[in-house]
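First the structure, in the form of structure tokens, and then the observations on it.
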Amino acid sequence: LNGYDEAIVLTTEGHASEGSAENLFMYRDGVLVTPPVTDDILEGITRAGIVELAHEAGIRVVERSIDRTELYVADEVFLCGTGAQVSPVVEIDHRPIGRGVVGPVTARIKDAYFDAVRGRLPAYRHWLTPIYPRD
């Protein structure tokens with residue numbers, strides 16, 4: 001009703017928890033932050049993969065509660081999940097996130113994720129189950 005494609009769900013304490021069917025990540029001051037499982041999130045397999053990819057890329061990852069207002073001043077925000085894959089968030093509550101475009105860390109993680117799930121990164125082949133023989 002407010003013109004957005006997705007909602008960010010809050011905990012009863014008012015912390016940002018997740019999207020309607022995605023996990024939430026915020027990048028700020030060189031740290032990738034995602035809510036802990038104690039903030040009523042689904043422990044998504046895509047979330048675990050993103051954490052693994054970020055660690056491998058040398059990006060510090062912290063699991064902690066995220067206040068709603070922190071999202072407004074974040075450098076970058078993205079959602080991830082099986083259906084959403086890695087979906088950048090460029091605006092929340094009519095406020096641009098960062099410069100209002102896909103940020104470089106989000107783009108880097110998104111590219112690495114797609115390379116991994118498409119079998120282009122041998123280190124992540126264990127994530128895949130072939131459904132047809134290789135030629």
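The values are calculated or read from the model by the stated rules, or taken from the named source; none is laboratory data. Bear in mind that the values here come from a model prediction, so they are computed numbers and not experimental data. Note that each Cβ is placed from the backbone with ideal geometry, even for glycine, and that neighbours are counted across all protein chains shown. Ligands, DNA and RNA are stripped out before the accessible areas are found, and what is left, the full protein with its side chains, is counted by its heavy atoms. Shrake-Rupley method; radii C 1.70, N 1.55, O 1.52, S 1.80 Å.
Kindly indicate the residue of the stretch 14-67 that is charged (D, E, K, R) and closer than 20 Å to V102 by Cα and also surrounded by the most Cβ atoms within 10 Å (Cβ to Cβ) among those meeting that condition. Talk me through it step by step, then tell me what you get.
Residues of the stretch 14-67 charged (D, E, K, R): 18, 22, 28-29, 39-40, 43, 47, 52, 56, 60, 63-64, 67.
Among the residues that remain, those that are also closer than 20 Å to V102 by Cα are: 18, 22, 28-29, 47, 60.
Details: E18: 24, E22: 26, R28: 16, D29: 9, R47: 23, R60: 11.
Ranking the qualifying residues of the stretch 14-67, first place goes to E22.
Take the conditions open to solvent by less than 80 Å² (accessible area, probe 1.4 Å), more than 16 Å from the chain's Cα centre (by Cα), over 25 Å from G119 (Cα atoms) and in contact (Cβ under 8 Å) with a residue 12 or more places away in the chain and apply them to T11. Does it pass?
Values: open to solvent by less than 80 Å² (accessible area, probe 1.4 Å): yes; more than 16 Å from the chain's Cα centre (by Cα): yes; over 25 Å from G119 (Cα atoms): yes; in contact (Cβ under 8 Å) with a residue 12 or more places away in the chain: yes.
Answer is yes for this residue.
Here is a check on your reading of the model: is G81 within 10 Å of the chain's Cα centre (by Cα) and small (G, A, S)? Walk me through it before giving the result.
Values: within 10 Å of the chain's Cα centre (by Cα): yes; small (G, A, S): yes.
Spelling it out, G81 is indeed within 10 Å of the chain's Cα centre (by Cα) and small (G, A, S).
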With the first residue restricted to the stretch 115-134 and required to be closer than 18 Å to R47 by Cα and open to solvent by less than 100 Å² (accessible area, probe 1.4 Å), and the second required to be in a helix (DSSP H, G or I) and β-branched (V, I, T), Cβ contacts under 7 Å at 6 or more apart or on different chains are W127/V117
Of everything in the stretch 68-91, what is open to solvent by less than 20 Å² (accessible area, probe 1.4 Å) and either in a helix (DSSP H, G or I) or touching a residue at least 60 places away in the same chain (Cβ under 8 Å) (or both)? Give them in sequence order. L71, L79, G81
Checking V90 against (1) among the hydrophobic types (A, V, I, L, M, F, W, C); (2) touching a Gly at 6+ places or on another chain (Cβ under 6 Å); (3) within 23 Å of T38 (Cα to Cα): exactly one of these is not met. Which one? (3)
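Can you give me the number of residues within the stretch 55-71 that are of a type outside the set (S, T, N, Q), under 26 Å from G14 (Cβ atoms) and at pLDDT 95 or above? Outline the logic, then answer.
To start, the set of residues in the stretch 55-71 that are of a type outside the set (S, T, N, Q) comprises 55-64, 66-68, 70-71.
Filter again for under 26 Å from G14 (Cβ atoms), leaving 60-64, 66-68, 70-71.
With the extra rule that they be at pLDDT 95 or above, the set shrinks to 60-64, 66-67, 70-71.
Number of matching residues: 9.
Is the stretch 6-14 home to any residue that is within 16 Å of P88 (Cα to Cα), of a type in the set (D, E) and modelled with pLDDT of 95 or more?
Kept after step one, since they are within 16 Å of P88 (Cα to Cα), are these residues of the stretch 6-14: 6-8.
From the residues that got through so far, the ones that are of a type in the set (D, E) too are 6.
In the following step, the residues that additionally are modelled with pLDDT of 95 or more were identified as none.
Within the stretch 6-14 (the criterion being within 16 Å of P88 (Cα to Cα), of a type in the set (D, E) and modelled with pLDDT of 95 or more), the answer is no, since none of the residues qualifies.
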Output for the stretch 93-113, where each listed residue is open to solvent by 50 Å² or more (accessible area, probe 1.4 Å), part of a loop (DSSP other than H, G, I, E, B) and farther than 30 Å from Y124 by Cα: D93, H94, R99
